[in-house]
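**Student:** Handing you a structure now.
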Amino acid sequence: MSHTRHLFVCTKQKSEIGAEVARALKKELKRQGLGKQVVDGEKLRTQVQTCDCLDLCKHCKKGPGAALIVYPEGTVYGDVRPEDVAELVAQHLGLGKIVKRLRIDK
């Protein structure tokens with residue numbers, strides 16, 4: 001059986017940084033070999049998708065980065081910049097650990 005995890009990156013509020021974060025996520029998933037994995041005998045594929053709005057503007061309006069949600073687990077990150085992506089991919093997607101400094105509560 002296979003599952004797909006999605007990283008939805010908001011481009012509504014800050015289109016440039018959102019697009020940069022999405023590109024960086026795609027490159028980093030490939031670099032770290034985490035785009036396609038086998039976890040507990042099941043195939044797991046991770047896709048990065050941009051979207052118009054995640055309704056998180058109040059959390060990200062003043063910060064320098066973009067908002068993103070990891071689905072299906074529902075972890076929400078804010079003010080994510082391209083330089084944060086390697087840590088986010090390694091910790092959250094590789095080890096299953098939340099990156100607390102970027103996590104926001106809805």
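**Student:** Quick check: is even one residue across the range 36-48 small (Gly, Ala, Ser), touching a strand residue (DSSP E or B) at 6+ places or on another chain (Cβ under 9 Å) and more than 12 Å from residue 8 (Cβ to Cβ)?
**Tutor:** Quick first cut of the range 36-48, residues small (Gly, Ala, Ser) only: 41.
Pick out the ones that are also touching a strand residue (DSSP E or B) at 6+ places or on another chain (Cβ under 9 Å) and you get none.
Within the range 36-48, none of the residues are small (Gly, Ala, Ser), touching a strand residue (DSSP E or B) at 6+ places or on another chain (Cβ under 9 Å) and more than 12 Å from residue 8 (Cβ to Cβ).
**Student:** Of everything in the range 19-54, what is at pLDDT 95 or above and touching a Ser or Thr at 6+ places or on another chain (Cβ under 7 Å)? Give them in sequence order.
**Tutor:** Result: 22, 29, 47.
**Student:** Given (1) in contact (Cβ under 8 Å) with a residue 60 or more places away in the chain; (2) touching a helix residue (DSSP H, G or I) at 6+ places or on another chain (Cβ under 7 Å); (3) closer than 21 Å to residue 2 by Cβ, where does residue 71 come up short, assuming only one miss?
**Tutor:** Going through the list (1) in contact (Cβ under 8 Å) with a residue 60 or more places away in the chain; (2) touching a helix residue (DSSP H, G or I) at 6+ places or on another chain (Cβ under 7 Å); (3) closer than 21 Å to residue 2 by Cβ, residue 71 breaks only (2).
**Student:** How many of the residues making up the range 1-57 are touching a Pro at 6+ places or on another chain (Cβ under 8 Å) and on the phi > 0 side of the Ramachandran plot?
**Tutor:** Selection size over the range 1-57: 0.
**Student:** Can I ask one more? Hey, which of the helices (runs of 4 or more DSSP H) in the chain, taking only ones fully inside, have at least 1 residues that are within 14 Å of the chain's Cα centre (by Cα) and either polar (S, T, N, Q) or crowded, with 16+ Cβ neighbours inside 10 Å (or both)?
**Tutor:** Ranges flagged: 15-31, 85-88.
**Student:** Can you pull out the residues in the range 5-17 that are out of contact with any helix residue (DSSP H, G or I) (no Cβ under 9 Å at 6 or more places or on another chain) and at pLDDT 90 or above?
**Tutor:** 6, 8
**Student:** Test residue 95 against the criterion of being farther than 22 Å from residue 13 by Cβ and not acidic (Asp, Glu), and give yes or no. Walk me through it before giving the result.
**Tutor:** Working: farther than 22 Å from residue 13 by Cβ: yes; not acidic (Asp, Glu): yes.
Criteria met by residue 95.
**Student:** Of the residues 91, 47, 37, 13, which is within 23 Å of residue 2 (Cα to Cα) and touching a residue at least 40 places away in the same chain (Cβ under 8 Å)?
**Tutor:** 47
**Student:** Further question: Looking only at the range 7-57, how many residues end up being acidic (Asp, Glu) and within 23 Å of residue 95 (Cβ to Cβ)?
**Tutor:** The total comes to 3.
The values are calculated or read from the model by the stated rules, or taken from the named source; none is laboratory data. The model shown is predicted, which means the values in this text are computed figures rather than measured ones. Ideal geometry is used to build each Cβ from the backbone, glycine not excepted, and the neighbour counts take in all protein chains shown.
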